[in-house]
Amino acid sequence: MAVLTKQRPVIDGDDREEDEELNTTGDDSESEQESVSDEEADDIKLTEPSKNAIYNRDGLLDRLGDISWPENVDWKQTLAIDIHQGGEVDVNDDLAREAAFYTQALEGTRQAFEKLQSMGLPFLRPFDYYAEMVKSDAHMQKVKGRLLTEKKQIEEAEERRKAREAKKIAKQVQAEKQKERAKEKKEQIESVKKWRKQREQSGFADDKDQMGLSFEDGTTFQRKGKRQPGAAPGDRSGGKVKQ
């Protein structure tokens with residue numbers, strides 16, 4: 001009995017390349033379809049209003065009457081103030097528009113105060129009235145303590161900064177004083193050198209320690225090394241004057 005074997009078809013190189021191109025084209029078309037579907041999902045079209053609109057005037061007026069205030073209602077129920085603007089305001093001018101808002105609000109508040117006062121209705125908060133707080137007193141005490149601590153830290157930091165600045169300024173002043181002293185000392189040394197140079201030029205080079213002053217008899221002034229016994233310091237009488 002003969003056995004039949006199925007042989008695989010031989011595919012040339014050109015046919016294989018064509019199959020790969022077809023597969024690539026199919027993948028590209030699928031990706032394009034997915035991107036188009038995503039764009040369509042993003043661009044959701046809104047439903048257009050119906051052209052067959054119904055204008056029910058009576059129904060609208062009826063609803064308006066339900067939500068409107070009655071004509072004979074007291075003013076204190078509405079607290080509505082109508083302010084008529086004197087002239088037209090340029091809506092494109094921000095400054096003029098805001099000024100018109102401020103003027104209208106101020107005038108409306110003034111008229112409302114006058115009406116409330118004439119009707120005898122209280123509208124100001126009493127001085128001894130304290131509204132109920134959302135936060136508890138303990139929580140507010142914690143907040144207050146934290147604020148005081150932060151304030152104290154800021155003040156201490158400011159004091160330290162001022163102390164550093166004062167110390168820096170004191171160092172600068174001390175440095176300036178030292179410079180002035182060094183300058184004065186240098187000037188004094190220069191003046192002494194100049195004076196000695198002038199003495200040398202005048203012929204007093206050999207007598208450096210004495211001024212060369214002499215009396216009428218030709219003797220020079222000599223300082224005594226010891227004072228008289230029994231003489232007090234600074235006593236020029238030689239101890240003759242006794243107290």
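Remarks
- Here Lys142, Lys152, Lys115, Lys135 are screened, and the one residue that is in contact with a helix residue (DSSP H, G or I) (Cβ under 8 Å, 6 or more places away or on another chain) and farther than 30 Å from Lys76 by Cα is Lys135.
- Screening Asp90 with (1) within 38 Å of the chain's Cα centre (by Cα); (2) without any contact (Cβ under 8 Å) to a residue 24 or more places away in the chain; (3) part of a helix (DSSP H, G or I) gives one miss only, at (3).
- Considering segment 28-76, the residues that are at pLDDT below 75 and small (Gly, Ala, Ser) include one that is farthest from Leu121 (Cα to Cα), namely Ser29.
- Test: residue in segment 113-132 that is surrounded by 11 or more Cβ atoms within 10 Å (Cβ to Cβ), within 45 Å of the chain's Cα centre (by Cα) and not in a helix (DSSP H, G or I): yes
Listed here are the residues, each with its yes/no results for (1) at pLDDT below 90; (2) more than 30 Å from Met133 (Cβ to Cβ).
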site	(1), (2)
Leu147	no, no
Glu176	no, yes
Lys183	no, yes
Ile189	no, yes
Lys193	yes, yes
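- Within segment 136-148, tally of residues that are of a type outside the set (Asp, Glu) and loosely packed, with under 10 Cβ neighbours inside 10 Å: 2
- Glu156 meets each of the listed conditions (1) part of a helix (DSSP H, G or I); (2) loosely packed, with under 10 Cβ neighbours inside 10 Å apart from (2).
- Only residues that are among the polar types (S, T, N, Q) and within 30 Å of Ile81 (Cβ to Cβ) were counted across segment 114-152, and they come to 2.
The values are calculated or read from the model by the stated rules, or taken from the named source; none is laboratory data. Only a predicted model underlies this, so the values are computations on that prediction, with no experimental measurement involved. Neighbour counts run over all protein chains shown; Cβ positions are idealised from the backbone, glycine included.
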